[in-house]
Amino acid sequence: MKAMESKGSPMKSEFCLVVPAYNEEDSILAALERIFCVLKDERYRVIVVNDASTDKTLQVVNSIESPVLT
């Protein structure tokens, strides 16, 4: 059974993408930008799990303004 919007058109399913990160300060921004680009027409959330990084991974992720980033 397909999920339907009130207007009767098919509704895309929403999904979550979990991105583990450990000391990814130099690459996390590019990785997330690529995810945003590839999934631009999808309904999704991105959850970044910072595994006690000792670099600035957390600060880089927190600096990104995106409604899909958790």
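The values are calculated or read from the model by the stated rules, or taken from the named source; none is laboratory data. Here the structure is a predicted model, which is why all the values come from computation and not from measurement. Cβ sites come from the backbone with ideal geometry, for glycine too, and all protein chains shown count toward neighbours. Keep in mind that these areas ignore ligands, DNA and RNA; they rest on the heavy atoms of the full protein, side chains included. Shrake-Rupley method; radii C 1.70, N 1.55, O 1.52, S 1.80 Å.
Across region 26-48, what is the number of residues that are open to solvent by less than 70 Å² (accessible area, probe 1.4 Å) and in a strand (DSSP E or B)?
Adding up the residues that qualify gives 4.
Counting only residues that are surrounded by 15 or more Cβ atoms within 10 Å (Cβ to Cβ) and among the hydrophobic types (A, V, I, L, M, F, W, C), how many does region 49-63 have?
3
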